[in-house]
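Where a number appears in this text, it was derived from the coordinates with a stated rule and is not lab data. As the structure is a prediction and not an experimental result, all values here were calculated from the model. With ideal geometry, Cβ positions are generated from the backbone for all residues, glycine too; neighbour counts draw on all protein chains shown.
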């Protein structure tokens, strides 16, 4: 079957971990189809294990969760030794014989995107619209993946970005390349280039949310510019994305079919991923929300839920829900068992990006309008209180607090801690009797030991 065989092709390369593979692209291995037709590239961008996943593990190095001793070997072996190592801020998360899951998922996907970009450019078929769309999709996918990688395995974007080491930046499907790390500035420049080039090639809204669209491109640009502190551009791109889709669910319309079972059916919220209207760009996190025993909410995080906040009701499992392994409430993705949280772009993230940018630009009225709009859909009608202030800093703090609640457990917090530390805000992440500040080098993930062992051009992050 064509799709099955093409997926095998996509799964073969593990960049920066393989040795030499002479003439790999000159010989067609038995049982493998080398993509040549547009339908082949369409199939590559439809492979769910390649295009729909994003980094899972950055949540472990934040102040959002706790991993008590009894919880470290939960049901099914979750969360896993490497996750515990990350949680404990050990210098290495994986040993030299192991693949770093986040790194490998990302670079395997990047190989696919590079193959599509190069292959579509060489394709001689006449369907220009399809070619453009496939190229645009691959460019936006690649940009989003690099944005995730550079914020996990490198220092945050700052004035020293031109000298800070980022991540390897392959732009061609070459599995033999032993690449060095590009700078953070170079990685961000490529992300911006890909997004701006891909954006006009795409429809406003994609047929399925895992496929990039103009909304996804604008949304990723908004996230990128927010991370860079480019407030005008962050505001503008969030605004453009929201002009395409501004739908935000009102949690007052949700209810559990059985009020005593938070893992049961949730009415008012779609059970099918493609029907979830708030998802602009779907990148699911396989380890967040599928099993609530994997993540227990830190007391400080849980304390952010105020009376009447429906996010506590629909986003957490009760303390002691399943066993003694749950000494604190667990993270529960809405709609119950075996669903996944989305680490891609959502309308609520875009509302908060626009609100933060507005506050930083001094447009307090606009920031409050966005903030109150979101909160009115998160609190019970009886509990909602409209926030009012003319103080720019107070409003900014409200937005940042709301961001911490609304975007919890979705992979945003680590980048937020790193970027907000740069402007003088203080963070303390406690692990037993140890405390890690927001500027600790250990908040930057280590380059995987296995990749370091086979690629002498890679330089490790300070440990």
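So for 156, 412, 278, 141, fewest C-beta neighbours within 10 Å to most, what's the order? Intermediate values should be presented prior to the final figure.
On the way: 156 25, 412 22, 278 19, 141 29.
Fewest-to-most Cβ neighbours within 10 Å comes out as 278, 412, 156, 141.
How far is it, in nm, from the label point at residue 454 to the one at residue 380 when both lie 7 Å from their Cα along the line to the Cβ?
5.6
Note down the nm distance, to one decimal, between modelled labels 7 Å out along Cα→Cβ at residue 70 and at residue 433.
2.3
Would you please give the FRET efficiency between residue 99 and residue 171, computed as 1/(1 + (r/R0)^6) with r the Cβ-Cβ distance and R0 = 35 Å, to the nearest 0.05? Please list the in-between numbers first.
Details: r = 23 Å, r/R0 = 0.65.
Efficiency for this residue pair is about 0.95.
Okay, which of the stretch 156-170 sit inside 20 Å, backbone N to the point 7 Å along the Cα-Cβ direction of residue 400?
Zone members listed by number: 156-160.
In nanometres, what is the gap between the two model label sites at residue 387 and residue 122, each 7 Å from Cα along Cα-to-Cβ?
5.3
If I take every Cα pair under 8 Å that is 6 or more residues apart in the stretch 56-186, average their sequence separation and divide by the length, what percent do I get for the relative contact order? Kindly include the intermediate steps, with their values, before the conclusion.
Values: 121 pairs, mean separation 23.6, N = 131.
Result for the stretch 56-186 is 18 percent.
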